[in-house]
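Student: First the structure, which I've put down as structure tokens, then a few questions once you've had a look.
The values are calculated or read from the model by the stated rules, or taken from the named source; none is laboratory data. Please read all numbers here as calculations on a predicted model, not as lab measurements. Positions of Cβ are generated from backbone atoms using ideal geometry, with glycine treated the same way; all protein chains shown enter the neighbour counts. Please note that ligands, DNA and RNA were not included when accessible areas were found on the heavy atoms of the full protein model with its side chains. Shrake-Rupley method; radii C 1.70, N 1.55, O 1.52, S 1.80 Å.
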Amino acid sequence: MLPPWQNSLTMRAARREPVERTPIWLMRQAGRYMAEYRAIRRETTFLELCKNPRLCAEIMLTAVERLRVDAAILFSDLLVILEPLGLELEFAAGEGPVIHNPVRRAEDLSRLRELENMDRLAFVPEAVRQTRAGLRDDLPLIGFAGAPFTLAAYAVEGGSSRDYRFTKSLMYADRGAWNALTDRLARAATVYLNAQIAAGAQMVQIFDSWAGCLGVEDFCEFALPATRRLVAALPAETPVIYFSTGNPAFLPHLREIGGGRKNMVFGVDWRIPLDDAWRILGEDAAVQGNLDPAVLLGAPDDIRRRAAAVLRQAGGRPGHIFNLGHGVLPQTPVENAVALVEAVRETSARRMDA
Ligand code: CP3
């Protein structure tokens with residue numbers, strides 16, 4: 001018999017099967033906007049927190065209960081995978097992530113190691129195991145990794161960037177070096193995601209948070225191929241969510257990432273109406289999104305109205321997972337996030353009855 005989470009609302013929606021109501025979870029659903037998170041965070045640095053599976057599980061399980069969302073996501077960070085590759089990572093207070101020894105030129109690539117195994121990242125599958133063990137069995141656990149382009153951009157820039165000039169310089173100047181870098185990161189992300197799946201993650205999300213800085217032709221040439229290889233190396237029965245943000249011009253090309261995979265879901269942000277995005281992706285795609293996270297800074301009435309508008313655009317098509325178009329903002333009142341989940345539950349259940 002299938003474990004109950006395989007038939008959860010979120011898993012069924014990812015497979016485009018019928019559901020009684022639209023499942024919802026939120027990117028960054030556990031984080032600084034929650035008092036429980038801030039209390040734990042006062043005792044430790046963010047990186048130490050990521051390496052403490054017990055606290056990672058506790059943080060995510062608390063958020064899932066508080067919000068009553070339909071999925072948990074591994075509590076970790078996109079960038080912890082870079083440490084065993086030889087990059088020195090620090091989350092500096094108020095600055096976000098910093099890499100002290102970025103790979104700027106082709107010569108630097110020789111010091112980027114291959115991720116042979118999970119020995120130095122054992123805390124990640126352990127956090128998956130502990131979160132799965134504490135999670136209600138009708139909810140799935142989502143594992144995650146960065147897409148090769150986004151991981152490469154962090155490794156090259158050494159932190160956040162406005163113009164991505166180091167990344168694009170390397171990409172344009174030395175295609176061989178760029179391909180070697182993104183291939184190495186795709187192989188690392190393959191090992192990393194397969195370890196999460198083996199430890200108990202039912203589906204995975206690939207974050208391409210920085211891809212939106214590329215023009216569509218560069219996206220197809222320099223980012224998409226390595227992501228496609230990563231997706232192809234994951235088990236066929238595991239749904240894969242590909243999330244990028246900032247450039248709706250990518251939409252006509254995203255299906256190539258799945259290479260015909262059945263349970264592929266595409267994350268869409270708020271810059272394009274959900275029904276337009278769906279039409280471009282194809283009516284037979286599964287879609288996740290797409291409320292602007294800034295809506296949660298406003299009044300509950302407006303949140304309900306805009307959530308209903310997203311559901312109207314989804315129009316009862318199979319294969320919709322409700323989410324924000326990007327992560328919850330740290331300034332979000334928790335009760336507004338709760339109100340959104342409540343509104344999506346009620347409104348989508350009514351729609352499905354109709
Ligand atoms: O969604 C969740 O609740 C699970 C946890 C999660 C975190 N980071 C926790 C976090 C996930 C899925 C991520 C992914 C991640 N990390 C992404 C992709 C998603 C996205 O937002 O596009 C990216 C780009 C990162 C890199 C990262 N981590 C940045 C740029 C920052 C600093 C900016 C910020 O928002 O603070 C982080 C820090 C981070 N990751 C925090 C949390 C809870 C805050 C850390 C703190 O307590 O100071």
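Student: When you go through (1) without any contact (Cβ under 8 Å) to a residue 24 or more places away in the chain; (2) farther than 30 Å from Pro318 by Cα; (3) open to solvent by 30 Å² or more (accessible area, probe 1.4 Å) one by one for Ala92, which number turns out not to apply?
Tutor: Going through the list (1) without any contact (Cβ under 8 Å) to a residue 24 or more places away in the chain; (2) farther than 30 Å from Pro318 by Cα; (3) open to solvent by 30 Å² or more (accessible area, probe 1.4 Å), Ala92 breaks only (3).
Student: Another question, then. Restricting to segment 124-164, and then to whatever is out of contact with any helix residue (DSSP H, G or I) (no Cβ under 6 Å at 6 or more places or on another chain), of a type outside the set (A, V, I, L, M) and assigned to a helix (DSSP H, G or I), can you tell me which residue is nearest to Glu65 (Cα to Cα)?
Tutor: Arg132
Student: Please go through (1) hydroxyl-bearing (Ser, Thr, Tyr); (2) within 12 Å of the ligand (Cβ to nearest atom); (3) open to solvent by less than 20 Å² (accessible area, probe 1.4 Å) for Ser160 and return the number of the only condition it doesn't satisfy.
Tutor: For Ser160, the exception is condition (3).
Student: Still on this structure, I have one more. Tally time: how many residues in segment 73-105 are in a helix (DSSP H, G or I) and out of contact with any Phe, Trp or Tyr (no Cβ under 9 Å at 6 or more places or on another chain)?
Tutor: Total satisfying the criteria: 3.
Student: Taking Ala153 as the residue in question, decide whether it is open to solvent by less than 10 Å² (accessible area, probe 1.4 Å) and touching a Gly at 6+ places or on another chain (Cβ under 6 Å).
Tutor: Answer is no for this residue.
Student: Tell me whether segment 57-71 contains one or more residues that are modelled with pLDDT of 95 or more, among the hydrophobic types (A, V, I, L, M, F, W, C) and either under 22 Å from Glu116 (Cβ atoms) or surrounded by fewer than 17 Cβ atoms within 10 Å (Cβ to Cβ) (or both).
Tutor: No.
Student: If the Cβ limit is 8 Å and pairs must be 6+ apart or interchain, which residue in segment 44-68 that is closer than 15 Å to Ile81 by Cα pairs with which residue that is among the aromatic types (Phe, Trp, Tyr) and assigned to a loop (DSSP other than H, G, I, E, B)?
Tutor: Filtered contacts from segment 44-68: Cys50/Phe75.
Student: Could I ask something else about it? Suppose we filter Pro23, Pro4, Pro97, Pro18 for residues that are more than 22 Å from Phe123 (Cβ to Cβ), touching a Ser or Thr at 6+ places or on another chain (Cβ under 8 Å) and in contact (Cβ under 8 Å) with a residue 24 or more places away in the chain; which single one remains?
Tutor: Step by step, each of Pro23, Pro4, Pro97, Pro18 is checked, and only Pro23 is more than 22 Å from Phe123 (Cβ to Cβ), touching a Ser or Thr at 6+ places or on another chain (Cβ under 8 Å) and in contact (Cβ under 8 Å) with a residue 24 or more places away in the chain.
Student: A further question follows. Could you figure out which of (1) within 16 Å of the ligand (Cβ to nearest atom); (2) more than 28 Å from Asn179 (Cβ to Cβ); (3) assigned to a helix (DSSP H, G or I); (4) hydrophobic (A, V, I, L, M, F, W, C) isn't true of Ala13?
Tutor: Failed condition: (1).
Student: Are there any pairs, at least 6 apart or on different chains, whose C-beta atoms fall under 8 Å, with the first in segment 244-255 and on the phi > 0 side of the Ramachandran plot and the second among the charged types (D, E, K, R) and in a loop (DSSP other than H, G, I, E, B), and if so, which?
Tutor: Listed by first residue and then by second, the contacts come to Gly246/Asp269; Gly246/Arg271.
Student: Continuing with the same structure: Looking at the structure I just gave you, is Leu87 crowded, with 18+ Cβ neighbours inside 10 Å and within 11 Å of the ligand (Cβ to nearest atom)?
Tutor: no
Student: Report every pair of residues separated by at least 6 positions or lying on different chains whose Cβ atoms are under 6 Å apart, first residue within segment 146-171 and within 15 Å of Leu78 (Cα to Cα), second within 12 Å of the ligand (Cβ to nearest atom) and among the small types (Gly, Ala, Ser).
Tutor: Phe149/Ala211; Thr150/Ser209; Ser160/Gly96
Student: Taking segment 51-70 on its own, how many of its residues are small (Gly, Ala, Ser) and within 20 Å of Ile321 (Cβ to Cβ)?
Tutor: Total meeting the criteria: 1.
Student: Here is a follow-up. Can you tell me which condition Ile206 does not meet? The list is (1) more than 16 Å from the ligand (Cβ to nearest atom); (2) in contact with a Ser or Thr (Cβ under 8 Å, 6 or more places away or on another chain), and all the others hold.
Tutor: (1)
Student: Let me ask something else. Checking the structure you have, find out if any residue of segment 162-179 is over 24 Å from Phe266 (Cα atoms) and modelled with pLDDT under 95.
Tutor: Yes: one or more hits.
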